[in-house]
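K.L.:
This structure is in structure tokens; I'll ask about it shortly.
The values are calculated or read from the model by the stated rules, or taken from the named source; none is laboratory data. Worth saying up front: this structure is predicted, and the values here are computed from it rather than measured. Neighbour counts run over all protein chains shown; Cβ positions are idealised from the backbone, glycine included. Ligands, DNA and RNA are stripped out before the accessible areas are found, and what is left, the full protein with its side chains, is counted by its heavy atoms. Shrake-Rupley method; radii C 1.70, N 1.55, O 1.52, S 1.80 Å.
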Amino acid sequence: MKVTVNYMGQLKAAAGKGSEIIECSDDAALSDLLAAAAGQYGSSFVNIIQDETGAIRPSLIVIINDVTANKDASPSLSDGDTVTLLTAIAGG
Amino acid sequence: MQIQVNEVWTEIAVGTMLFSLRDKIRPAADVVVRNGAPAKKDIVLEEGDQVVFITRGEVPGPDELESLMAARHTPGVHAVVKKAAVGIAGLGGLGSAIAVALARVGVGRLVLADFDVVEPSNLNRQQYFVDQIGMYKTEALQQNLQRINPYVEIETHAVMLTSDNVPEIFKSVDVLTEAFDTPDGKAMLLEAFSKSCPDKPIVMASGLAGFEPSNTVVTQRMGQNLIMVGDLVTAARPGTGLMAPRVGVAAHHQANAVLRILLGKDPVGDKES
């Protein structure tokens, strides 16, 4: 299946693009998509979404089809989904 | 016909002139506000007009104060926001400035949450005073807001917000504003609130440190109920501090987004024709 991924903020800079279509297996979940995205880019991208152990950073924000996702639950994806990724930035 | 005088519906004769009404009701008034703007010239009043008469320098009684405070609002705003409840998670540079703006515009109820106390390093951008150092921010901000607008109902929670207590603390608000400092906290709040209140909007901020140009701080829609303010990239870190001007710009983006949501407007403007 094909999933449209939007990169915002720091991830957009690290990926060098704002959007792309990633092909996943038909039973792919969010964690599979993140692994696929991380595999395409260098350490600057990976370090934004993963910690030293490879776990997804708590600061990652995931929006699936306009709805905030619980990333720890790694929801299943469907063909045609749009996933927006960004990281919250320190400061307030 | 009916008009509002100091927010009280009042029957007047068709053709009544603004200044003659002032001379009848408040002859000493030297400030006349009609429909949110100062009136310099006399004019025939129209059905539904909102007029306020103010005597400069005179402290009004409690029955009149609230309406006089809202005299410069766009007509119709005060009645709507007075019925609203807004949550503010985090009372630092963002949260304290959001709270002041929303109290000044007359939001009826504010739910404030922060576990921390006022420190000297907060005073470069946060809405506290030197003599409040050491106080819980919830208590200090409540004091300050009540001095600004005593008609705002304030509920405080001096606790560390977690995914467990966010649903209960903010279940009654119409809109939640995220005003945390840490990235993990920001994302936690978003996920917890979106899960417990999926139909309610949350206005977040991300990327507001330093002194980058003000116009790089923008209000964007990130999801159906997620509004994001900031440049999304400029983090607070060694060499890039947090200072009142740019934090204030972001906070007021958030406050204006809240105001637009409460008034039934699209907070970003991209869904309006």
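K.L.:
Quick test for you: out of B:V218, B:V233, pick the one residue that is open to solvent by 10 Å² or more (accessible area, probe 1.4 Å), within 18 Å of A:Q10 (Cβ to Cβ) and within 9 Å of another protein chain (Cβ to nearest Cβ).
P.N.:
Numbers: B:V218 fails: within 9 Å of another protein chain (Cβ to nearest Cβ).
Testing whether each residue is open to solvent by 10 Å² or more (accessible area, probe 1.4 Å), within 18 Å of A:Q10 (Cβ to Cβ) and within 9 Å of another protein chain (Cβ to nearest Cβ) leaves just B:V233.
K.L.:
Quickly run through the range B:52-70 and pick out the residues that are in contact (Cβ under 8 Å) with a residue 60 or more places away in the chain and either in a loop (DSSP other than H, G, I, E, B) or touching a Ser or Thr at 6+ places or on another chain (Cβ under 6 Å) (or both).
P.N.:
Once the filter is applied, which keeps residues that are in contact (Cβ under 8 Å) with a residue 60 or more places away in the chain and either in a loop (DSSP other than H, G, I, E, B) or touching a Ser or Thr at 6+ places or on another chain (Cβ under 6 Å) (or both), the range B:52-70 yields only B:A70.
K.L.:
Only one of B:V80, B:V100 is part of a helix (DSSP H, G or I), open to solvent by 10 Å² or more (accessible area, probe 1.4 Å) and over 17 Å from B:T177 (Cα atoms). Can you tell me which? Please lay out each step first, then the result.
P.N.:
Working: B:V100 fails: over 17 Å from B:T177 (Cα atoms).
Result: B:V80 is the single residue among B:V80, B:V100 that is part of a helix (DSSP H, G or I), open to solvent by 10 Å² or more (accessible area, probe 1.4 Å) and over 17 Å from B:T177 (Cα atoms).
K.L.:
Against the condition at pLDDT below 95 and of a type in the set (S, T, N, Q), how does B:S273 come out, does it pass?
P.N.:
Working: at pLDDT below 95: yes; of a type in the set (S, T, N, Q): yes.
Yes.
K.L.:
For the range B:2-47, what are the residues that are on the phi > 0 side of the Ramachandran plot and open to solvent by less than 70 Å² (accessible area, probe 1.4 Å)? Before the answer, list the steps.
P.N.:
Taking the range B:2-47 first, the residues on the phi > 0 side of the Ramachandran plot are B:6-7, B:15, B:35-36.
If the condition is that a residue be on the phi > 0 side of the Ramachandran plot and open to solvent by less than 70 Å² (accessible area, probe 1.4 Å), then B:N6, B:G15, B:N35, B:G36 are the ones that fit.
K.L.:
Something else now. Restricted to the range A:1-38, and to residues that are away from chain B (no Cβ under 14 Å) and charged (D, E, K, R), which residue is least open to solvent (accessible area, probe 1.4 Å)?
P.N.:
Once the filter is applied, the top-ranked residue is A:E20.
Condition check ((1) within 12 Å of chain B (Cβ to nearest Cβ); (2) among the aromatic types (F, W, Y); (3) touching a helix residue (DSSP H, G or I) at 6+ places or on another chain (Cβ under 7 Å); (4) farther than 24 Å from B:I227 by Cα) across all residues:
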residue: A:Q40; (1), (2), (3), (4): no, no, no, yes
residue: A:T68; (1), (2), (3), (4): yes, no, yes, no
residue: A:S74; (1), (2), (3), (4): no, no, yes, no
residue: A:V83; (1), (2), (3), (4): yes, no, yes, no
residue: A:L86; (1), (2), (3), (4): yes, no, yes, no
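K.L.:
What number goes with the only condition from (1) surrounded by 14 or more Cβ atoms within 10 Å (Cβ to Cβ); (2) assigned to a loop (DSSP other than H, G, I, E, B); (3) without any contact (Cβ under 8 Å) to a residue 24 or more places away in the chain that B:L91 does not pass?
P.N.:
(3)
K.L.:
Looking only at the range A:72-92, how many residues end up being modelled with pLDDT of 95 or more and charged (D, E, K, R)?
P.N.:
The number of residues fulfilling the criteria is 2.
K.L.:
From the list B:F129, B:F115, which residue is open to solvent by 50 Å² or more (accessible area, probe 1.4 Å) and closer than 20 Å to B:K186 by Cβ?
P.N.:
The unique qualifying residue is B:F115.
K.L.:
A further question follows. In the range B:165-215, which residues are open to solvent by less than 10 Å² (accessible area, probe 1.4 Å), in contact (Cβ under 8 Å) with a residue 24 or more places away in the chain, part of a helix (DSSP H, G or I) and at the interface with another protein chain (Cβ under 8 Å from one of its Cβ atoms)?
P.N.:
B:L190
K.L.:
Give all pairs with beta carbons closer than 6 Å in which a residue from the range A:40-52 that is over 16 Å from A:T84 (Cα atoms) meets a residue that is among the charged types (D, E, K, R) and open to solvent by 40 Å² or more (accessible area, probe 1.4 Å); count only pairs at least 6 apart in sequence or on separate chains.
P.N.:
Pairs found: A:D51/A:R57.
K.L.:
When the range B:9-19 is examined, which residues are found to be hydroxyl-bearing (S, T, Y) and free of Cβ contacts under 8 Å to residues at least 12 places away in the same chain? Talk me through it step by step, then tell me what you get.
P.N.:
Step one: of the range B:9-19, the residues hydroxyl-bearing (S, T, Y) are B:10, B:16.
Correct list: B:T10 only.
K.L.:
May I ask you to list the residues in the range B:236-263 that are in contact (Cβ under 8 Å) with a residue 24 or more places away in the chain, open to solvent by 40 Å² or more (accessible area, probe 1.4 Å) and not in a helix (DSSP H, G or I)?
P.N.:
Result: B:R237, B:M243, B:L263.
K.L.:
Can you spot a residue in the range B:83-97 that is in contact with a His (Cβ under 6 Å, 6 or more places away or on another chain) and within 24 Å of B:M228 (Cα to Cα)?
P.N.:
Quick first cut of the range B:83-97, residues in contact with a His (Cβ under 6 Å, 6 or more places away or on another chain) only: none.
No, because not a single residue in the range B:83-97 is in contact with a His (Cβ under 6 Å, 6 or more places away or on another chain) and within 24 Å of B:M228 (Cα to Cα).
K.L.:
Can you name the residue in the range B:240-259 that is β-branched (V, I, T) and over 17 Å from B:N215 (Cβ atoms) and is also nearest to the other protein chains (Cβ to nearest Cβ) among such residues? Even if it seems obvious, please write down each step before you answer.
P.N.:
Of all residues in the range B:240-259, those β-branched (V, I, T) come to B:240, B:247, B:249, B:258.
Right, trim to over 17 Å from B:N215 (Cβ atoms) and you get B:240, B:258.
On the way: B:T240: 9, B:V258: 16 Å.
Looking at residues that are β-branched (V, I, T) and over 17 Å from B:N215 (Cβ atoms), I get B:T240.
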